Amino acid sequence: MSAQDMLKVFITRRIPQEGMKILQEDGRCNLSVWDSDEPVPRAELLKGVAGAHGLLCLLSDRIDAEVLDAAGPNLKVISTLSVGFDHLAIDEIKKRGIRVGYTPDVLTDTTAELTVALLLATARRLPEGVQEVKNGGWSTWKPLWLCGYGLSGSTVGVIGLGRIGLAIARRLKPFGVKRLLYTGRQPKPQAQEVDGEYVPLERLVSESDFVVVACSLTPDTQGLCDKAFFGKMKKSSVFINTSRGAVVNQEDLFDALKSGQIAAAGLDVTTPEPLPTNHPLLTLKNCVILPHIGSATYSTRGVMAELSANNLLAGLTGTEMQSELKL
Amino acid sequence: MWCSRAALGRLRRIGTEIAPRTVTGFHRAMSTLPKVYVTRKVPPVGLEILRKSGQVQFEMWDSDDPVPRQELLKKVKGCAGILCVLTEKIDAELLDAAGPNLKVLSTMSVGFDHLSLDELKKREISVGYTPDVLTDAVAELTVALLLTTSRRLIEATHEAKTGGWGTWRTLWLCGHELANSTVGILGLGRIGVAIAERLKPFKVKKFIYTDVEPRPELADMIQADYVSLDELAKQSDFLAICCALTPETQGICNKNLFTKMKKNSIFINTSRGGVVNQEDLYEALSTGLIAGAGLDVTTPEPLPTNHPLFTLKNCVILPHIASASYTTRNAMSALAANNLLAGLRGEPMPKELKL
C-alpha cells in the first residue's frame, strides 16, 4: 500500500496496549499518537488532526466545529474511549457525515461497581473512619460513634435507569432495599427485573433515602440537581452522582450539605474536572469526591481500548461497527 | 448533622438526672429489685426497656469511653445482671468481684471472645448476645470495605484533595473488579452468607469457603464450594475473613496464608484482629504478595497511629465500625436489654449463647 493510500489516524492520548496492538497490526493505518498520559494541548490537537481519516479520542477532548474544520474533509470516523459523548458536537459531526464509535456495555459493570462502592463509602462514612484512625481520633469501640445510614429497609431512587442505572439497581437489591424507584423520559420494561417503580422526579427525590444519578448529560438534565431538588430531599438522605458533573449545581449542593438539608453526597464527576483543590465541596466531611474513576479497572480499560480501536477500523473501512453511536 | 438529634436529646436528659458518672433507674421498691450494671452509655432504647420493665434497678457508666477496670470491679458487686460491650473482659476476676448473685451476662455484640465462657459456665451464669440484628450492617460494611480497597477509593479521595487529580487518564488509579472473580470466605456463618449474597450481582464467578467442617445448609444458599485453607488462599481473588476468634483461628492469617495468595488478590478482615498476624500482613502488602488489604479490626484497638500498616497505600483501616448504623446499634441495645431481663426472669432469652 502506498503512503498515499494509508489511512491517517490521530490518537489523542497514550491508550492501553490492547487497543494500540489492534491498530498497529492493521497494515492500513498511519498512526500518529500524542504519546502521553496527559491531554493533548489544543494547538497540538488541531495540528495533529489535519488530513486525518480517523480520530481516536478521550472524553477530555472537546471535538467541536473548530477541530472538525482543522481535520478537513478526509475525516470519516471519530472513535471515543468512553460511553459518554457530551464532549462531541454531535450536530456538527452529523452534518459532515462522520460516523461515531463509542464504548457502551463494556464499562457498565465496572461503572456500576464504582457507583455502589461510592454509595457505600459515603453512607457508611469510610473516608471519615480512615481519617479518624490515622489522626488518633480512634480511642475505642463506641456505641454511636461514626454511625451511618444502612441500605437495609431503605428506598433507593435511580435517576436514569439505562444500562448503568439498571446495573446499579441490581447490585443494590440484596442489601435489603425495600423500594426501588426510578425516573426518566418513559418507563422501562427491564425495570421489572429489579421491581423498579416508575415515578415522577419529584416523588423520587422526596421519598428516597438514597438518590443515585445515572442519566446522560443533555440540555434537559443540565443543572437538574439544584436548590429546589435538594430542598425536597430527606434530611437523612444520601446523594450520589457518577453520571456527569454538569447535572449538578455544585453551589446548591454545597449549601444543602453544609446546612444539613441532606446527610451526605458522593461524586465521581464534577465541574470542572479536575475540581480545584480549594473548592468548598472538598472541605466537607460529608462529601466524598472521587477523580472520575468509574470505569477504572485494568481489564475494563483494556476492553474499552480494544473496542474503540475496532470501532475506528470499521469506520475507516466503511464496515459495520461493534458499537456505533446513532446520530 | 450525623447524629440522630432525638438520640442525643434523650442521652442528655438521662445524663442530667443524677450524678455525672452513674445513671440509675429509680423504682418504688428500689432496694429489693435485682441490681444491674450497664458498662457503657448504650443507645437509649435499651435503657428505656430496662427502666420500663420495673424489674431491675440499674446503674450505668454514663460515658462513650470504657469504664476503668477498678470502677467496673467495684460496681458489679452484688449485681444480678451485667450489660456489657466488647471492651470489657468478663473473666474470673470480674465474676469473683460480682459475687454469687450474678445470674445473667448480656453483651451488646455478636462476638464473645471477651467472655471467659468456662468461668461463666462454671458459675451457671446465662449469657445473652446480639447475633442476626447486626448481620446486615456488618455484611454491608464488609462489602463497602472490600470495594473501597479494590477500587482504591481512599487513594482516589486523597488525590482529589491534594492536587494529584490532573485529568481523565486511561490507566490511572485502576483497580481490580469483582466481575469474573473468585470470592473466598474463611468461616461461613450468618455474616459470610450475607456478604456473599451482596456480592453475587457483581458477577462473581465462584464462591468458595473453608471452615472447621463443611456447612452444607449455609453453602447451598450461596452455591459455595468447600475447600481447604490452602486452596482458599490459592484460588481467591477476594478473601473475606468471617470467622469467630477462637484458639484455632488465632493468627490463622499469617505468612503461610499470604504466600499462597494471588498477587492481585484483596484481603478483607471484619472478624477480629487476633485472626491476623499483622507483621506478616505488612510483609505481604509491602512486598506485593497480595494487592491490597482492608481491615475493620486490629490488634490492639485502637491501632497506634505509628503502626507500619498506616504507611501502606494499599491498606485501608477502619475503626471497628461494621455494625455502626443507627438502626442496628439501636436494635443491638434493645436486644441486649431484652436478653438481660429474660435471663433474670429465668425465661428463655431472645438470643442466648449456648455455653
Among the residues of the stretch A:102-134, which ones are within 9 Å of chain B (Cβ to nearest Cβ), outside any helix (DSSP H, G or I) and out of contact with any Lys or Arg (no Cβ under 9 Å at 6 or more places or on another chain)? A:124
What tally of residues in the stretch A:29-58 results from selecting those that are among the charged types (D, E, K, R) and more than 24 Å from residue A:93 (Cα to Cα)? 3
Residues being farther than 25 Å from residue A:294 by Cβ and not small (Gly, Ala, Ser) - total across the stretch A:43-66: 6
When the stretch A:292-327 is examined, which residues are found to be crowded, with 19+ Cβ neighbours inside 10 Å and away from chain B (no Cβ under 14 Å)? A:310, A:311, A:312, A:313, A:314, A:315, A:316, A:321, A:325
Just one of B:146, B:134, B:178 is at pLDDT 95 or above and under 23 Å from the mean Cα position of the chain (by Cα); which is it? B:146
Among residues of the stretch A:207-249, those that are in contact with a helix residue (DSSP H, G or I) (Cβ under 6 Å, 6 or more places away or on another chain) and over 29 Å from residue B:153 (Cβ atoms), counted: 0
Answer residue from the stretch B:103-148, given it is within 10 Å of chain A (Cβ to nearest Cβ), polar (S, T, N, Q) and out of contact with any Ser or Thr (no Cβ under 8 Å at 6 or more places or on another chain) and is farthest from residue B:339 (Cα to Cα) among those: B:148
Can you report the number of residues in the stretch B:74-101 which are part of a loop (DSSP other than H, G, I, E, B) and within 14 Å of chain A (Cβ to nearest Cβ)? 5
Boolean, residue A:82 is more than 7 Å from chain B (Cβ to nearest Cβ), assigned to a loop (DSSP other than H, G, I, E, B) and of a type in the set (Ser, Thr, Tyr): yes
Scanning the stretch A:62-77 residue by residue, those under 22 Å from the mean Cα position of the chain (by Cα) and either surrounded by fewer than 24 Cβ atoms within 10 Å (Cβ to Cβ) or in contact (Cβ under 8 Å) with a residue 60 or more places away in the chain (or both) turn out to be A:62, A:64
Please work out which one of (1) touching an Asp or Glu at 6+ places or on another chain (Cβ under 6 Å); (2) among the small types (Gly, Ala, Ser); (3) within 20 Å of residue A:302 (Cα to Cα) is the condition residue A:65 fails and give its number. (3)
Quick one: what pairs do we get from the stretch B:167-196, first residue more than 10 Å from chain A (Cβ to nearest Cβ), second surrounded by fewer than 19 Cβ atoms within 10 Å (Cβ to Cβ) and part of a helix (DSSP H, G or I), C-beta under 9 Å, 6+ apart or different chains? B:184/B:231; B:186/B:229; B:188/B:218; B:189/B:218; B:190/B:218; B:192/B:218; B:193/B:218; B:193/B:221
Which of the residues belonging to the stretch B:285-326 are more than 22 Å from residue B:143 (Cα to Cα) and not in a loop (DSSP other than H, G, I, E, B)? B:286, B:308, B:311
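For every residue, the table says whether it meets (1) polar (S, T, N, Q); (2) within 14 Å of another protein chain (Cβ to nearest Cβ).
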| residue | (1), (2) |
| --- | --- |
| A:144 | no, yes |
| A:149 | no, yes |
| A:154 | yes, yes |
| A:157 | no, no |
| A:167 | no, yes |
| A:174 | no, yes |
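Quick grid of which residues meet (1) crowded, with 23+ Cβ neighbours inside 10 Å; (2) of a type outside the set (Phe, Trp, Tyr); (3) touching a residue at least 24 places away in the same chain (Cβ under 8 Å):
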position: A:185; (1), (2), (3): no, yes, no
position: A:212; (1), (2), (3): yes, yes, yes
position: A:223; (1), (2), (3): no, yes, yes
position: A:231; (1), (2), (3): no, yes, yes
Consider residue A:237 against the criteria (1) farther than 17 Å from residue A:111 by Cβ; (2) of a type outside the set (Val, Ile, Thr); (3) surrounded by 24 or more Cβ atoms within 10 Å (Cβ to Cβ); (4) in contact with a Pro (Cβ under 7 Å, 6 or more places away or on another chain): it satisfies all of them except one. Which criterion is unmet? (4)
Restrict the check to the stretch B:90-112 and report whether at least one residue is crowded, with 23+ Cβ neighbours inside 10 Å, over 30 Å from residue A:152 (Cα atoms) and touching a strand residue (DSSP E or B) at 6+ places or on another chain (Cβ under 6 Å). yes
In the stretch A:147-161, anything part of a loop (DSSP other than H, G, I, E, B) and buried (at least 20 other Cβ atoms within 10 Å of the Cβ) is listed as A:147, A:149, A:150, A:151, A:154, A:160, A:161
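The values are calculated or read from the model by the stated rules, or taken from the named source; none is laboratory data. As the structure is a computational prediction, the values presented were derived from the model and not from experiment. Here Cβ is always computed from backbone atoms with ideal geometry, including for glycine, and neighbour counts include all displayed protein chains.
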